[in-house]
1. Restricting to region 31-60, name every residue that is outside any helix (DSSP H, G or I), within 14 Å of the ligand (Cβ to nearest atom), open to solvent by 10 Å² or more (accessible area, probe 1.4 Å) and in contact with a Ser or Thr (Cβ under 7 Å, 6 or more places away or on another chain).
2. Would you pick out the residues in region 1-23 that are in contact (Cβ under 8 Å) with a residue 12 or more places away in the chain, part of a helix (DSSP H, G or I) and within 21 Å of Ala79 (Cβ to Cβ)?
3. Out of curiosity, is Val145 β-branched (Val, Ile, Thr), within 13 Å of the ligand (Cβ to nearest atom), open to solvent by 10 Å² or more (accessible area, probe 1.4 Å) and closer than 25 Å to Leu112 by Cα?
4. Are any residues in region 68-109 of a type in the set (D, E, K, R) and either in contact with a helix residue (DSSP H, G or I) (Cβ under 9 Å, 6 or more places away or on another chain) or part of a helix (DSSP H, G or I) (or both), and if so, which ones?
5. Looking at Arg177, Arg162, Arg158, Arg187, can you tell me which residue is of a type outside the set (Phe, Trp, Tyr) and either within 11 Å of the ligand (Cβ to nearest atom) or open to solvent by less than 40 Å² (accessible area, probe 1.4 Å) (or both)?
6. Just wondering, is there one or more residues in region 5-23 that are within 13 Å of the ligand (Cβ to nearest atom), at pLDDT 95 or above and among the β-branched types (Val, Ile, Thr)?
7. Determine which single condition Phe207 fails, assuming it passes every other condition in (1) of a type outside the set (Lys, Arg); (2) out of contact with any Asp or Glu (no Cβ under 8 Å at 6 or more places or on another chain); (3) open to solvent by 20 Å² or more (accessible area, probe 1.4 Å); (4) part of a helix (DSSP H, G or I).
8. Does Val172 satisfy being under 29 Å from Ala144 (Cβ atoms) and free of Cβ contacts under 8 Å to residues at least 60 places away in the same chain?
Amino acid sequence: MQIIERIEPLRSALEAPRRAGSGIALVPTMGALHEGHLSLVDRARERAACVVMSLFVNPLQFGPNEDFARYPRDLEGDARLAEARGVDFLFAPQPAELYRSARSVSVVPASLASRWDGASRPGHFTGVLTVVAKLFNIVQPDIAVFGQKDFQQATLIRAMIRDLDFPIQLVVAPTVRETDDVALSSRNAYLRPTDRKRARLLSRALFAMRDAFDAGESSGEVLEAIGRRVVDPEAKVKVEYLAVMDPDTLEPATVATAGTIAAVAAHIGTTRLIDNIILGAPAPS
Ligand code: PAF
């Protein structure tokens, strides 16, 4: 695996695999790699001969009171994990390489960003789409792989690919969970042991909604109430949203059908966690 910090050397290094024509896949990350990220590499590998992982803690997508400064950074450890999993090129630029001068252009999402994480993190998705568009232009991959855990991000990237005509196939890979069903997240590292236990309530609430849906319940309101019954008794889990929504428009779903998303965001201690499931999809084994 080659670690490359600059745009031009990366472009040069990708000339040969591009000529070979057996596909370039991009896995964008902010590092602090865990099995969730590495499963994205597996999905990329299945579809392309050359796998590029980007590793960049993007300042543009963090709000002023968010965790940009303390976001876990471990280039050496991440590089070991990426290489062992079969990444060919690790693109790890410094901020000055990606944001070289005053920027006058950003990719600003429309209504899809107005709810859920977009509502509580103003500017977040502008930061995400801007950096992802830059990575798409730098790497020019055939395939890009993102995780389902960030469902709103995946929906917005699908919309950006369509609306800005990026010739890229989007792959959204399933969420990887710990043995106790907590969704893997780099931010789990912030949780104190008691809060880590409380984090289990998020997936439990979603799974209760899924079980009710599987048993025939389709009212969005009733499904939300079922999820709430799991999390609300724990006062230290501060739910920001717990909702069922259409996977494409992200509008709240009054009637859930197969493919409807059940999603939650909550603050546990000082950590904000998100999770979601697709109703009607096979239960995780
Ligand atoms: O999902 C993430 O880790 C980030 O939002 C991404 C897509 C790498 C953009 O910085």
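The values are calculated or read from the model by the stated rules, or taken from the named source; none is laboratory data. What you see is a predicted model, and the numbers here were worked out from it, not measured in a lab. Here the Cβ positions follow ideal geometry from the backbone for every residue, glycine too, while neighbour counts run over all protein chains shown. Note: accessible area is taken over every heavy atom of the protein model, side chains too, but ligands, DNA and RNA are not part of it. Shrake-Rupley method; radii C 1.70, N 1.55, O 1.52, S 1.80 Å.
1. Start the filter on region 31-60 by keeping residues that are outside any helix (DSSP H, G or I), which leaves 31-34, 48-58.
Still in the list and also within 14 Å of the ligand (Cβ to nearest atom): 31-34, 52-58.
Within this subset, residues satisfying the condition of being open to solvent by 10 Å² or more (accessible area, probe 1.4 Å) are 32-34, 55-57.
Listed by number, the residues that qualify are Ala32, His34, Leu55.
2. Result: Ile7, Leu10, Arg11, Ala13, Pro17.
3. Working: β-branched (Val, Ile, Thr): yes; within 13 Å of the ligand (Cβ to nearest atom): yes; open to solvent by 10 Å² or more (accessible area, probe 1.4 Å): no; closer than 25 Å to Leu112 by Cα: yes.
It is false that Val145 is β-branched (Val, Ile, Thr), within 13 Å of the ligand (Cβ to nearest atom), open to solvent by 10 Å² or more (accessible area, probe 1.4 Å) and closer than 25 Å to Leu112 by Cα.
4. The answer is Arg70, Glu76, Asp78, Arg80, Glu83, Arg85, Asp88, Glu97, Arg103.
5. Arg187
6. Here is the first cut: in region 5-23, the ones within 13 Å of the ligand (Cβ to nearest atom) are none.
No: region 5-23 contains no residue that is within 13 Å of the ligand (Cβ to nearest atom), at pLDDT 95 or above and among the β-branched types (Val, Ile, Thr).
7. Of the numbered conditions (1) of a type outside the set (Lys, Arg); (2) out of contact with any Asp or Glu (no Cβ under 8 Å at 6 or more places or on another chain); (3) open to solvent by 20 Å² or more (accessible area, probe 1.4 Å); (4) part of a helix (DSSP H, G or I), the odd one out for Phe207 is (2).
8. Criteria met by Val172.
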